[in-house]
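For reference, the structure discussed in these notes is given below.
Each reported figure results from applying straightforward, stated rules to the coordinates on display, with no laboratory input. All values reported here derive from a predicted model rather than from experimental measurement. Note that we place each Cβ from the backbone using ideal geometry, even for glycine, and neighbour counts take in every protein chain shown.
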Amino acid sequence: MKHGDIEFFTATCLKWQNLLNDIKHKEIILDSLAFLVHEQRIWLYGYVIMPNHLHIIWRKQDNWIEKNVQQQFLKFTAQQIKFNLLDTNPSHLMNYKSTQFDRKFHFWERRPFKARNYTREIIEQKLDYIHFNPVKAGLCIFPEDYLFSSAPFYYQKSKNPILTHYMDHL
């Protein structure tokens, strides 16, 4: 397996709003990642879900190399978040009103960032970056204390059924 196919991916909430402060929205993200893993679309190596953005380190599985898994992920999570807001806080949806003709709401900034990781050193640097993101933001003292991150998997060797250790694919 080529580890050059491992991607670092960042999606930002529209206008950097704290859309992902809601635990239900974080769970939607995690459920979607779990689906992609269990359906053998990706290997998931690391993640962090911050209040207004998320970082993921993943690799598409062979049958999904040519498919836009990233677009599917963003579309599905946006739809589920919209449904949740319709049920729980419909007035909050106005913060995500779209100016585009093909949709009513827009939850993710256009052109999310993605970069390929070609070396072990870069992968480890990206993992450190995402794991220390909540610490830097003042959300926790130690990376492994943040619940919506892969840090406990790496720092405490905690079980996480959706994660694969990046060293397994290098």
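Worth a mention:
- For the residue pairs K67/K159; K75/K157; K15/K75, alpha carbon separations beyond 20 Å are given by K67/K159; K75/K157.
- Between E109 and E27, residue separation times 0.36 nm minus the direct Cα-Cα distance comes to 27.5 nm.
- Helix 23-38 axis versus longest C-alpha principal axis of the chain: approximately 50°, rounded to the nearest ten.
- Cα gyration tensor shape of the stretch 1-82, rounded if a/c is under 1.5, else prolate or oblate by comparing a/b with b/c: prolate
- About the centre of its Cα atoms, the stretch 1-142 shows a dipole size close to 420 debye [charges on the beta carbon of Lys, Arg (+1) and Asp, Glu (-1) only; nearest 20 debye].
- Rounded to 10°, Cα long-axis angle of helix 69-88 versus longest principal axis of the chain: 40 degrees
- Percentage of interatomic Cα-Cα distances in the stretch 61-170 larger than 19 Å: 64 percent
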